[in-house]
Every structure is written in C-alpha cells, then in structure tokens.
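Report on the following structure.
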Amino acid sequence: MADATPHGSGGPIRVLPPPPDGNLTVSGGVGGITVQLDELEKGAGKLSLLAEQLAAIEAGLFAAWQELGVQQDHPRGTGTAALMAVWEAKDAVRDVRQELQRISGQVRSCRRDYEIAESAAHLQWRLGLSDPDVEFQKHVDFWRTGFLNGDATEMLAADAVLLLPAIEPVIEENIPSLRTGTVTATREESVPIDLDASPAGLLQRVQLIEARGSGYIEVIEVDTGSGKAYIVVVPGTQVNEADGGTNPFDLGGIVDGMGGQSGYVNAAVIQSLRAAGAAPGADVVAVGYSQGGIHAMNLAADEDFLKEYRLKYVLTAGSPVSRITPSPDVSTLHLEHRTDWVPGSDGLPNRDARNQVTVTMTNDLYVRGGGDAGLGPGHSLTGYEEAARQVGASKDPSLVQSTAVLGGVLGAGGAATATRFALTKTPPPTVPKDRRDPFSGRPQPGAR
C-alpha cells in the first residue's frame with residue numbers, strides 16, 4: 001500500500017495485531033485490529049471534513065483573486081503583488097487540501113485491503129489451506145499431547161456445529177445422557193469469604209464450587225462501597241453416573257448451552273440471584289470454565305436476563321463461545337490455550353471487538369505416560385488460573401482496560417458473602433418413537 005502519511009513524516013499506515021506478551025497473544029479490545037480500523041475510519045472522516053472546509057476557503061481565495069483582477073494595471077506594489085499573494089495562498093490551501101484527501105483515501109484503502117486479506121484468508125481456511133506454520137503447529141501439538149489443538153478443532157467443527165439446533169431433538173431421543181430439561185435452584189448455604197476480585201481469584205472460585213459437588217453454582221455478594229454487585233460462578237462439565245441425569249452441567253448441559261442458548265440454566269441463574277438478594281438492576285459479573293463459560297456468555301445475550309440485571313463483565317476459560325454475541329454493554333475476557341481443543345469446538349475464532357478480548361496461551365505442553373490427561377493438558381483449570389495471573393500483570397492495553405472494567409464493577413474485593421445453590425435438572429419425559437415426527441424427532445401434536 002502506498003505511503004499514507006504526509007510526505008517525509010514516516011512510513012505507511014498499517015493495522016497490526018498487538019505483539020505477543022510473553023507466552024500470551026491478545027486479540028480484540030481497545031488494542032485490537034477492529035478498533036484500530038474503526039479509529040482509522042473516524043480519522044479519515046475528519047480529514048475529509050477538513051478537506052471540504054479547505055475547498056471552500058480555496059474557492060473563496062479564487063473569487064478574491066478574480067475580483068482583484070481589475071487592479072493588475074495599478075503599480076506593482078499594490079496591484080500585481082496583491083494578485084500574486086492571493087494566488088499563492090490559494091495554491092497553498094489547495095496543496096494542503098489535496099494532501100488531506102490523499103491521506104483520507106489511503107486510510108480507507110488500508111481498511112479495504114485488510115478486509116480483502118481477511119476474506120482471502122477465510123476462504124483458504126474453508127478450503128483447508130491453512131498457513132504452513134499453522135499446519136505444522138497442529139501436527140507438533142498432536143504429537144506432544146495426543147489431542148487436536150484449537151486451530152485443528154475449529155476447522156473440523158466449522159460446519160458440524162451449525163447443525164446442532166436442528167438435530168438436538170434427535171440427539172436427546174437417542175442419547176439419554178444428552179437430554180436437557182427444566183432446571184431448579186435450591187439454596188444450600190451462605191458463607192463469608194475473603195474475595196480476590198482479580199481474574200485469577202475468580203477462577204479459583206470455580207475450583208472451589210466444583211469441589212463442593214455436582215450441580216452447584218455460587219452467587220457472591222460484594223459491597224463495593226457505592227452499592228452491591230454480584231458474581232455468578234458456573235462450573236465446567238461434570239460427568240457422574242451417580243447424578244442419574246439430574247445434573248444440569250452434565251453432557252446435556254452442553255446441548256442446552258450450544259443448542260438452546262442456555263435457556264434452562266439461565267432461568268435457574270436468575271432464580272438464584274433473586275434468592276441471594278440481588279435487586280433488579282444490580283451489577284453482575286459472570287464467570288465460567290469450559291461448559292460454564294458457555295452459560296456465562298449466554299447470559300450476555302439473554303434479553304430476559306439483561307432486562308432484570310446489568311451484566312457488566314463475563315470471564316470464561318477454555319470455553320467455545322465464538323458464536324455468542326454479547327450485548328455491547330458487556331465486557332468479556334476469554335482465556336484459551338493453543339493446545340486446548342475445547343474452545344475450538346464451535347468452529348470459529350472469537351470475535352475481535354472493542355468489548356471482547358481473547359487471550360491465548362502459547363506455551364508448549366506435553367502429555368507423558370502414566371498420567372490422566374483428561375480433556376488434554378491445555379484444558380487444565382489450574383493452567384487457566386496461571387493465564388489469569390499473567391493477564392492481571394500484563395501491560396497490554398486491551399488487558400489493562402479489560403481488568404480495569406472488572407475492577408470498576410467489583411472494587412478491590414475483600415469481605416464478601418458466597419451463597420451456594422444446588423441446581424437440579426428434570427429431564428423431559430421420553431415420548432415414544434411412534435408419537436414423534438419421523439423427520440425432526442419432535443413430539444407430534446397431541447403427544448404427551
């Protein structure tokens with residue numbers, strides 16, 4: 001692209017992703033490419049406006065020069081000199097106007113070039129023609145861990161995930177462990193805690209609520225000095241045969257989250273907040289790991305929830321949330337690991353937006369014999385806690401701004417009250433196959 005700055009003042013204007021911050025790569029937020037492009041577009045508009053104003057001045061000078069034409073027969077000091085001065089002023093204004101128009105055009109070309117490059121890269125990705133370095137990294141990560149990394153999973157899942165809402169009834173009919181159902185919340189206990197309100201401290205609450213048992217969430221009440229704010233902590237997927245299909249965070253919870261926008265779990269979260277004393281309009285922060293992050297993000301797009309509470313911030317770790325678009329008023333921070341396949345299971349990278357920041361850890365991980373790899377070393381909650389600690393110490397502008405928003409909602413933490421709720425799922429009764437539509441799998445009219 002041609003030089004897009006005033007002559008002699010520097011190189012061309014470009015948009016670039018933020019540089020890596022140690023083993024973290026950051027996208028989105030105030031330092032993201034989308035915001036850079038938006039700011040450039042606004043700047044181009046201002047330059048165009050200035051150019052229009054200069055064009056009007058230029059026209060005025062030309063008119064003045066024409067009116068002075070009758071003076072050209074006067075003595076040089078009063079006639080010709082005046083004509084020359086006005087003409088030179090008009091030319092100087094013209095030069096500045098043309099330069100502003102040139103810069104404005106080049107700024108807009110920068111955005112157009114970037115969008116063309118993005119479209120070409122997406123087409124290559126759809127055709128399975130990834131960057132050679134990305135392809136090589138996929139194979140290396142698989143050799144080290146035995147699991148697909150996030151990029152590989154995204155490519156495989158790109159189309160399959162779109163079918164989930166359509167095939168959800170068939171899945172639930174034929175795979176009982178994936179059934180969804182109405183979720184109710186029962187208050188269990190309230191305990192005083194010393195809250196660490198940093199991203200790492202919030203993920204520690206996930207670990208504690210998971211240790212409490214199957215199906216629990218936590219609502220934390222924080223007195224910020226200017227009012228009360230609430231934190232909703234949602235665990236990851238819990239697979240336990242002893243639950244008998246009543247745990248809303250079992251495999252069926254994934255179906256509820258990715259296929260049903262967490263309709264059942266969201267209703268139970270609202271019920272829990274009310275029971276914890278959260279008044280309508282209270283500020284809320286949602287935190288979730290793995291499946292819990294899906295439910296937390298779905299709150300950010302749930303009109304019913306947003307009508308009752310002001311969701312200000314969502315923190316997710318190892319969660320596939322790229323297909324959920326949060327309200328513009330909600331700031332979100334997503335922690336991922338390059339080798340973690342789970343965040344890529346929805347088939348798309350996260351959005352690059354002013355209110356959405358994604359942090360990807362890039363350190364190499366290995367699986368060694370004799371250990372339980374679970375869903376892979378990249379999906380470790382303790383690993384994501386370490387990522388959150390690095391986020392808290394980062395100087396990256398997007399992360400500084402994101403953590404500042406979190407601090408503005410929760411303050412410095414300290415004394416708080418944690419109320420635990422047991423969530424119970426009631427799977428819908430099985431409808432005999434002869435009473436179901438043979439194509440959709442849904443109950444036929446009148447079926448009970």
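Here, each number is a calculation from the coordinates, and none is a lab measurement. Please read all numbers here as calculations on a predicted model, not as lab measurements. Cβ coordinates were reconstructed from backbone atoms using ideal geometry, including for glycine residues, and neighbour counts include every protein chain displayed.
What FRET efficiency, computed as 1/(1 + (r/R0)^6) with R0 = 30 Å and r the Cβ-Cβ distance, is obtained for ASN363 and SER190, rounded to the nearest 0.05?
Working from the Cβ atoms, E equals 0.20.
Could you check the simple spin-label distance between ALA89 and SER327, using points 7 Å along Cα→Cβ, in nm with one decimal?
About 5.5 nm separates the two model spin labels.
Quote to one decimal, in nm, the extra length available between ALA412 and ALA393 on full extension: 0.36 nm per residue of separation minus the C-alpha distance between them. Write down the numbers at each step before the final one.
Details: separation 19, 0.36 × 19 = 6.84 nm, distance 1.53 nm.
Here the answer is 5.3 nm.
Which peptide among 31-42, 146-157 comes first, and what is the full order, when sorted by highest mean count of other Cβ atoms within 10 Å?
146-157, 31-42
How would THR332, THR25 line up from fewest to most surrounding beta-carbon atoms within 10 angstrom? Intermediate results must be reported in sequence, preceding the final value.
On the way: THR332 29, THR25 18.
Neighbour counts put them in this order, fewest first: THR25, THR332.
I'd like the Karplus ³J(HN,Hα) series for region 205-212: coefficients 6.51, -1.76, 1.60, θ = phi - 60°, whole numbers in Hz, and an x wherever there's a Gly or Pro.
5, 4, 4, 5, 6, 5, 5, 5
Give me the one-decimal nm value for the distance between modelled label points at ALA158 and ALA373, 7 Å along each residue's Cα-to-Cβ direction.
In this crude spin-label approximation the distance works out to 2.5 nm.
Just rank TRP143, TRP87, TRP65, fewest to most, by other beta-carbon atoms within 10 angstrom. Provide the component values of the computation, followed by the final result.
On the way: TRP143 9, TRP87 15, TRP65 18.
Result, fewest neighbours first: TRP143, TRP87, TRP65.
State, as an integer percentage, the relative contact order of region 271-329 based on alpha-carbon contacts under 8 Å between residues 6 or more apart.
Details: 86 pairs, mean separation 23.6, N = 59.
Reported relative contact order: 40 percent.
Can you give me the distance in nm between label points at LYS307 and GLN66, each placed 7 Å from the Cα along the Cα-to-Cβ direction?
6.3 nm
Arranged by the count of other C-beta atoms within 10 angstrom, fewest first, what order do HIS337, HIS379 take?
Values: HIS337 27, HIS379 23.
Going from least to most buried by this count: HIS379, HIS337.
Classify region 150-426 as rounded, prolate or oblate from the Cα gyration tensor: take a ≥ b ≥ c as the square roots of its eigenvalues, call it rounded if a/c is under 1.5, otherwise prolate when a/b beats b/c and oblate if not.
Values: a/c = 1.41, a/b = 1.11, b/c = 1.27.
Verdict is rounded for region 150-426.
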